[in-house]
Amino acid sequence: LDDDALVRTVTCRIAERVGFKALGFDEPGGFTAALAENMPDLILLDLAIGGTDGIMVIEELARQGCRAPLIVYSGLGERLLSAAVRIGEKLGLSMLPPLAKPVEPVALAE
């Protein structure tokens, strides 16, 4: 989930190269609707999604009982990333280490 089309495209391509079926979303509404139909194996979430706060998406994932591991990423700083991980963990989500933007493609492939 990222509002930047280029980042979304690159992320999906990398995910597909390492064996995932990837779907990209530019806004939370379509993303959360898709979750109702099919729970993903992994979620990558930009914390600054246009006019939406990524923390609200994390809270919605918790409300939906999401069990998919979640990677948050952002160019807004390490403190925000760390806070988002702590919030997700407190809400019972499976949080993986965060990534700072710009994310190097090799970091996504790992």
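The values are calculated or read from the model by the stated rules, or taken from the named source; none is laboratory data. This structure is a prediction, so every number in the text was calculated from the model and none was measured. Using ideal geometry, Cβ is built from the backbone for each residue, glycine included, and neighbour counts are taken over all protein chains shown. Just so you know, the surface numbers come from the protein's heavy atoms only, side chains and all, with ligands and any DNA or RNA stripped out. Shrake-Rupley method; radii C 1.70, N 1.55, O 1.52, S 1.80 Å.
The combined condition, being charged (D, E, K, R), farther than 17 Å from residue 69 by Cβ and modelled with pLDDT under 85, is not fulfilled by residue 16.
The condition of being β-branched (Val, Ile, Thr) and either loosely packed, with under 13 Cβ neighbours inside 10 Å or touching a Gly at 6+ places or on another chain (Cβ under 8 Å) (or both) holds for residue 72. Entry remark, the stretch 1-55: residues being part of a helix (DSSP H, G or I), surrounded by fewer than 18 Cβ atoms within 10 Å (Cβ to Cβ) and within 11 Å of the chain's Cα centre (by Cα) number 1 in total. If the condition is being open to solvent by 40 Å² or more (accessible area, probe 1.4 Å) and over 16 Å from residue 3 (Cβ atoms), then the stretch 56-68 contributes 59, 60, 63, 64, 67.
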